[in-house]
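Have a look at the structure below, then the notes.
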Amino acid sequence: MAEQLPTRIEAVTPAWLTARLEGRYPGLVVQDIAIVEVIHGTTTKVRANLTLNAAGLGHGVPRAVCIKSNLEDHAPVSMSHGLYDTEALFYRDIRPLIPLPAPLCYYAEADPRAADGTSSQGFILLEDVKAQGATFGANTRPVSVDEAAAALEDLATLHAHWWAGDGLDRFSWLETSHGPGTRHARLMEVKGGLPGITELLVGAPERAAVMPASVLEPDRFIAAYDALVAHEMASPEPRCFIHGDTHLGNSYRTTDGKLRWLDWQLVRKGRCFRELSYFLGCALTVEDRRSSERPLIGHYLDHLRAKGVAAPSAETAWGEYRLWPMWGLYCWIVTQDYKQPREVVIETIRRFAVAMDDFDNYGLLLG
């Protein structure tokens with residue numbers, strides 16, 4: 001590309017957007033961009049109404065769109081986290097190929113990654129699902145067991161599409177979950193070792209108060225996390241394409257009540273067990289998880305088999321699933337309040353910490 005993608009909202013002008021879209025939609029001209037809403041956070045979401053010429057409308061480009069990029073003050077630092085270009089590349093390369101509904105995308109691109117491998121800016125132009133009547137989820141509004149079962153059917157369809165990783169190697173930008181050298185494989189180092197993990201686990205009293213005492217052992221957390229990474233690297237179980245961040249804040253419901261997924265920033269080539277543990281931990285109350293997780297995993301496996309996949313046995317799946325709550329806990333103890341509402345963070349930390357205690361994660365991983 002001749003120029004880097006913008007990092008400020010004011011740089012996204014009608015002329016700039018026209019130049020990006022006209023190659024795909026010949027003759028299109030964006031005449032005006034009227035901002036409806038700006039949602040700040042880890043990523044910037046700009047809901048806007050476009051004024052398009054007749055050619056643009058004839059191509060089916062909608063007036064109501066959502067621009068998603070990193071247009072925040074923290075962009076120079078946060079673009080190194082591997083979120084923005086990954087999602088843009090997902091929408092550019094993978095979204096047209098997957099059987100799972102996700103928002104329609106009209107433009108997606110990423111700046112080239114730096115020579116040292118750090119990631120860069122991404123820019124996505126999506127349909128505005130909110131303007132279509134969609135409503136958005138939150139972990140503090142858990143789904144029913146039946147709704148979780150329906151969502152697992154969709155995830156089974158997604159996972160089956162590239163089961164055993166067949167065809168995923170063509171996407172050179174797609175990381176392997178907890179693969180050697182990846183950020184997720186060296187989180188303890190990234191977060192400053194024992195002092196950093198101690199601060200995350202016990203440094204915020206309102207968070208520590210919702211976790212069982214058995215979990216609040218930073219040295220064991222680090223050792224168990226390293227053991228989980230080693231297990232994941234050595235596991236012979238097949239990898240597939242995973243969404244990677246299936247918490248309900250990344251979901252929306254269409255007007256017919258169906259649950260769909262947003263925020264494909266952490267897509268990975270990984271094993272399904274990480275996705276199962278994370279989704280059920282985020283989506284269900286503790287009581288519903290405890291009473292229904294084994295039948296729900298069986299339901300998921302049945303749907304994998306219906307898609308022609310040689311799915312793992314129920315016992316293998318159960319054993320692998322029980323290892324992963326600490327990953328969910330880690331994801332949420334590193335989540336700052338400005339990235340998610342405080343009540344969502346506290347409740348999600350509680351659910352994963354309780355699951356760790358239920359399964360004796362430290363004992364399972366450390367013996």
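The values are calculated or read from the model by the stated rules, or taken from the named source; none is laboratory data. Note that the structure is predicted; figures quoted are calculated from it, not measured. All Cβ positions, even for glycine, are placed from backbone atoms using ideal geometry, and neighbour counts span all protein chains on display.
Could you list, in sequence order, the residues of the stretch 279-299 that are touching an Asp or Glu at 6+ places or on another chain (Cβ under 8 Å) and either surrounded by fewer than 23 Cβ atoms within 10 Å (Cβ to Cβ) or at positive phi (or both)? Listed by number, the residues that qualify are Arg290, His299.
Counting only strands (runs of 3 or more DSSP E) wholly contained in the stretch 198-314, the ones carrying 1 or more residues that are closer than 18 Å to His184 by Cα and either under 20 Å from the mean Cα position of the chain (by Cα) or at pLDDT 95 or above (or both) occupy 240-242, 268-270.
Would you please name the residue that is surrounded by the most Cβ atoms within 10 Å (Cβ to Cβ), looking only at residues in the stretch 128-159 that are farther than 29 Å from Pro112 by Cβ and in contact with a His (Cβ under 8 Å, 6 or more places away or on another chain)? Filtering first and then ranking leaves Ala156. Name the single residue that is surrounded by the fewest Cβ atoms within 10 Å (Cβ to Cβ) among those in the stretch 186-211 being without any contact (Cβ under 8 Å) to a residue 24 or more places away in the chain and closer than 13 Å to Ala353 by Cα. The extreme case among them is Ala209.
Within the stretch 1-58, the set of residues being exposed (fewer than 14 other Cβ atoms within 10 Å of the Cβ) and among the small types (Gly, Ala, Ser) comprises Ala2, Ala11, Ala15, Ala19, Gly23, Gly27, Ala34, Gly41, Ala54, Gly58.
Of the residues making up the stretch 309-338, those that are more than 27 Å from Asp219 (Cβ to Cβ), loosely packed, with under 15 Cβ neighbours inside 10 Å and not hydrophobic (A, V, I, L, M, F, W, C) are Ser313, Glu315, Thr316, Tyr338.
Filtered by the rule that a residue be more than 19 Å from Pro142 (Cβ to Cβ), in contact with a helix residue (DSSP H, G or I) (Cβ under 6 Å, 6 or more places away or on another chain) and of a type in the set (Gly, Ala, Ser), the stretch 317-367 gives a lone residue, Ala317. In the set (1) in contact with a Ser or Thr (Cβ under 6 Å, 6 or more places away or on another chain); (2) in the same structural domain as Gly60 (by TED's automatic domain parsing), the condition left unmet by Pro142 is number (2).
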